[in-house]
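Some notes on the structure that comes next.
All of the numbers you see were taken from the coordinates with simple rules; none came from a lab. Bear in mind the structure is a predicted one, so any value in this text is a computation, not a measurement. Cβ: placed from backbone, ideal geometry, glycine included. Neighbour counts: every protein chain shown.
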Amino acid sequence: MNEIAIKKNDGEIIDTQTAKELGFEGEAIFLDNSPEALEVLRHSTAHLMAQAIKSLYSDAEFYVGPVVKEGFYYDFKTSAEIGESDLKKIEKQMLSFAKKKYEIEKYTITKAEAREKFKDDHLKQAVLDMIPSDEVSIYKQGEFEDLCRGPHLPNIGLIRYFKLTKISGAYLGGDSKNEMLTRIYGIAFATKDALKEHMDMLREAEKRDHRKLGNEMKLFTFREEVGAGFPIWLPAGGRLRARLESLLFKAHRKRGYEPVRGPEMLRSDLWMTSGHYQNYGENMYFTKIDDIEFGVKPMNCVGHIKVYEDELHSYRDLPIKYFEYGVVHRHEMTGALHGLFRVREFTQDDAHIFCRADQIEEQIIEVVDFVDKIMSTFEFDYKMMISTRPEKAVGSDEVWEISTQALKNAMDKNELAYEIDEGGGAFYGPKIDIKITDAIGREWQCGTIQLDFNLPERFHLEYNADNNEKVQPVMIHRAILGSFERFIGILTEHYAGEFPMFIAPTQVAIVPVAESHKEYAKLLSDKLIDINADSEIYAKNDSLNKRIRTAEKTRVPMIVVIGDEEIKNNTVAVRDRRTREQYNMSQEDFLKLIQTKINEVNF
RNA sequence: GCCGACAUAGCUCAGUUGGCUAGAGCAGCUGAUUUGUAAUCAGCAGGCCCGGGGUUCAAAUCCUCGUGUCGGCACCA
């Protein structure tokens, strides 16, 4: 195996070129699939790609080409229009360069020399602007030279197993005010197998895509004539969603939440009072009724505030918890829309807790426990993230400081691990976000717990304290799933469509062997409804094999086959979804089993 | 919103350099068959080829403006 780089004592990786320059010896890094080796390999593959692009498009200018989580990319600009179909061509050129086994040479020049060297490349000039030091290093392979700090492989011949995966636009410096460059993403590995494994993993993720499964399993759909970002829930999706809603309803009632409901749109004056008009107006939908402007709610808090204001409250009443499956509309930009993950209308499992300052901690802890119950039921790992004051914010620094500290205290006192996201808070308060990890290791943000000292102030909310003085309550916004749309999308991918019994759109598929067994099937189906289980009878004029196949393809958790034997003995023949094994059990036991599986879940 | 790609039957997809009545599989319907654990057979029906405008003797195919979708970027209070 080839030695490609050196690891210094402090963990920093330097390439063999630099080590030679410095006369440095340290721990050798070999070309394998270790994170260190892949970092170097992928960086050099990015350069090889740049070399290929430069040879194919001579006016190409290059910005930066870093290694990222998914591989590497390079941002560049050329007068030619490059599309997906060109990736193959570039890959081919890369391979032909790699075959030439150019050595990657490194040398150092002054920044002024570099400016002169890349004088025709305004992107490299922009890169040079960002470099503070007076000397810069240049890497050279064949005719191609690039400004880079490394580390790199000693020879491009070591690059063999790679693939260019995506092409897209990307703003210069990640700022939408700047010009747009072309970005090509790629991936590279030390071995053929590792590359193949990676590509297989991508295919697996593709198979789980909720948009594909949602279509196949008839959960939801979108229609051009309805409008972008407005999901349509189909019967199967409706059943799944209803199960989730009813489980969650009970869970809220158990914890003392009251169901309430605010209107879909409220007068704009209220959004001005809340601050949404000024801070979020461009993402809201407005309409006029008799010359008065209304804003369609992008959040449910104002409605809940109006519920709170409906009567006077004593300190004894607090905390007061309102919850609602609140439908909200937000104008997401066209390019942001993505299946159920980003839509323009969605339903939040939203709640607002109005409490005294001295209750914040216990309330946060209770919500965090609620989150844990739900996420562990769905077998999600998760972590928590505290987000602090963002740039665009309302409220004084002092209020922010107090509320942020309250969140940290709640976590610290209960020894809960969390990370800090500086500047990631909502404009009205700091928050705790819950990030979950799904079955194939992808991270998603769902739940959020947000402290708000701001809205109570703006709406002059109050309660009577024990000394009969008016005191302003604290408001906690929280959603656990986030939205039903997004969460069901995530669940679909998490389970690859094979939903567990308690939320599956259909619990049981019943396959009668022949015409004469249909009646028994119907009786069984009715009994299943009595225990809150949905079933579907596959009695179409098809072969038994065909109907079992059809039932299997719906990903229903349980299939039972019914024929003469079963009717005679009052049993069912159960077929397991995954193992395809069959076993018989009495009808009574079967119903009990289903009932248990449905009822064993409680948040 | 920006860069690039794409849009043909309910679904998945063919459709050649512009040229006959736009095809297939699955799903659907009708009939035969009544089946014991992953596709029985035969027949039928199903298309504003995303929408508007244009080029052309002729457009699913070329151009243009929309709409929607996909991959990213930016955005996600």
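DSSP loop GluC sites (Glu not before Pro) in segment A:179-282 with at most 14 other Cβ atoms within 10 Å of their Cβ, which ones?
A:179, A:224, A:225, A:264
Which trypsin sites (Lys or Arg not before Pro) in segment A:427-505 pass both tests, a DSSP loop state and at most 13 other beta-carbon atoms within 10 Å?
Hits after loop and neighbour filter: A:442.
Taking the number of other C-beta atoms within 10 Å as the exposure measure, put A:334, A:347, A:554 in order starting with the fewest.
In increasing order of surrounding Cβ atoms, one gets A:334, A:554, A:347.
Taking only Cα atoms, what is the 0 to 90° angle, nearest 10, from helix A:544-553's long axis to the longest principal axis of chain A?
Around 60 degrees separate the two axes.
For residue A:276, what is the net charge nearby, where nearby means another residue's Cβ is under 14 Å from its Cβ and Lys, Arg count +1, Asp, Glu -1?
Neighbour charge sum, excluding residue A:276 itself: +1.
Mind running the shape call on segment A:508-599? Use the C-alpha gyration tensor, a ≥ b ≥ c as the square roots of the eigenvalues: rounded below 1.5 for a/c, prolate if a/b tops b/c, oblate otherwise.
In terms of gyration-tensor shape, rounded.
Of A:446, A:384, A:352, which is farthest on the positive side of the dipole of segment A:328-470, counting Cα position, with +1 on Lys and Arg Cβ, -1 on Asp and Glu Cβ, and the Cα centre as origin?
In segment A:328-470, that residue is A:446.
To the nearest 20 Debye, how big is the dipole of chain A about its Cα centre, given +1 on the beta carbon of each Lys and Arg and -1 on that of each Asp and Glu?
Approximately 2140 debye in magnitude.
Where the only charges are on Cβ atoms (+1 Lys, Arg; -1 Asp, Glu), what is the dipole of segment A:96-174 about its Cα centre, to the nearest 20 debye?
Dipole magnitude for segment A:96-174 comes out near 540 debye.
Whole-Hz Karplus ³J(HN,Hα) for segment A:246-253, in order, using 6.51 cos²θ - 1.76 cosθ + 1.60 and θ = phi - 60°, x for Gly and Pro?
3J(HN,Hα) across segment A:246-253, in whole Hz: 6, 4, 6, 4, 4, 4, 5, 4.
Going from the alpha-carbon gyration tensor of segment A:168-227, what semi-axes, largest first and in whole Å, does one get by taking the root of 5 times each eigenvalue?
29, 27, 6
Given axes a ≥ b ≥ c from the Cα gyration tensor, I'd like to know whether segment A:47-110 is rounded (a/c under 1.5), prolate (a/b larger than b/c) or oblate.
rounded
Find which of A:550, A:538, A:523 sits farthest along the positive direction of the dipole of segment A:508-599, computed with +1 on the beta-carbon of Lys and Arg, -1 on that of Asp and Glu, about the Cα centre.
After comparing all options, I get A:550.
Compute the distance from the alpha-carbon center of segment A:77-119 to that of segment A:269-310, in whole Å.
Comparing the Cα centres of segment A:77-119 and segment A:269-310, I get a distance of 53 Å.
Counting other C-beta atoms within 10 Å, and keeping those with at most 11, which DSSP coil GluC sites (Glu not before Pro) do you find in segment A:446-479?
A:469
How much FRET efficiency would the formula 1/(1 + (r/R0)^6) give for residue A:199 and residue A:365, where r is the Cβ-Cβ distance and R0 is 45 Å, rounded to 0.05?
It comes out at approximately 0.50.
For segment A:3-205, what class follows from the C-alpha gyration tensor (a ≥ b ≥ c being the square roots of its eigenvalues): rounded when a/c is under 1.5, otherwise prolate if a/b is larger than b/c, else oblate?
Judged from the Cα gyration tensor, segment A:3-205 comes out oblate (a/c at least 1.5, b/c at or above a/b).
If all Cα-Cα distances of chain A are sorted into 20 Å bins from 0 onward, what percent lands in each bin, rounded to whole numbers?
Per 20 Å bin, starting at 0, the Cα pair percentages come out as 16, 37, 35, 12, 0.
With each run of n ≥ 4 DSSP H residues scored as -39500 (n - 2.57), what mean residue ellipticity at 222 nm is computed for chain A after dividing by its residue count and rounding to the nearest 500 deg cm²/dmol?
So the helix-based figure for chain A works out to -11000 deg cm²/dmol.
Provide the gained length on full extension for the span residue A:134 to residue A:552, in nm with one decimal, where the gain is 0.36 nm per separating residue minus the Cα-Cα distance.
Length gained between residue A:134 and residue A:552: 143.8 nm.
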